[in-house]
Amino acid sequence: MISFRQYIESRMNIKMPQGNISGAWFSENGLPMVVACSCCGMTMASPSAWIDDNGYTFCSDCADIEEE
């Protein structure tokens, strides 16, 4: 599993800005601002998502990731 930031940088060659990101940035880059966990269905801001090798999104609980 990799973070949303790592996913878009490595697979889509899109550099995500630091700090608060406007909805316009997501729209301009064709990215969703909110995604749902493929396991439990919880919705979250896409920068909080984890993505597996098949492109499925997961929350940190279902991905078994400890948030810092």
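The values are calculated or read from the model by the stated rules, or taken from the named source; none is laboratory data. Quantities reported herein were computed from a predicted structural model and do not represent experimental measurements. With ideal geometry, Cβ positions are generated from the backbone for all residues, glycine too; neighbour counts draw on all protein chains shown.
Annotations for the structure displayed:
- One residue stands out among those in the range 5-40 that are touching a helix residue (DSSP H, G or I) at 6+ places or on another chain (Cβ under 7 Å) and farther than 20 Å from Ser60 by Cβ: the one that is surrounded by the most Cβ atoms within 10 Å (Cβ to Cβ), which is Ile14.
- If the condition is being in a strand (DSSP E or B) and free of Cβ contacts under 8 Å to residues at least 24 places away in the same chain, then the range 36-56 contributes Ala36, Thr43, Met44, Ala45.
- If you filter the range 11-35 down to residues that are part of a helix (DSSP H, G or I) and at pLDDT 95 or above, you find that the one that is nearest to Ser48 (Cα to Cα) is Phe26.
- Candidate set from the range 41-58 (those that are of a type in the set (Ser, Thr, Tyr) and within 12 Å of Ser3 (Cβ to Cβ)); member that is surrounded by the most Cβ atoms within 10 Å (Cβ to Cβ): Thr57
- Filtered by the rule that a residue be surrounded by 16 or more Cβ atoms within 10 Å (Cβ to Cβ) and farther than 11 Å from Ile2 by Cβ, the range 59-68 gives Cys59, Ser60, Cys62.
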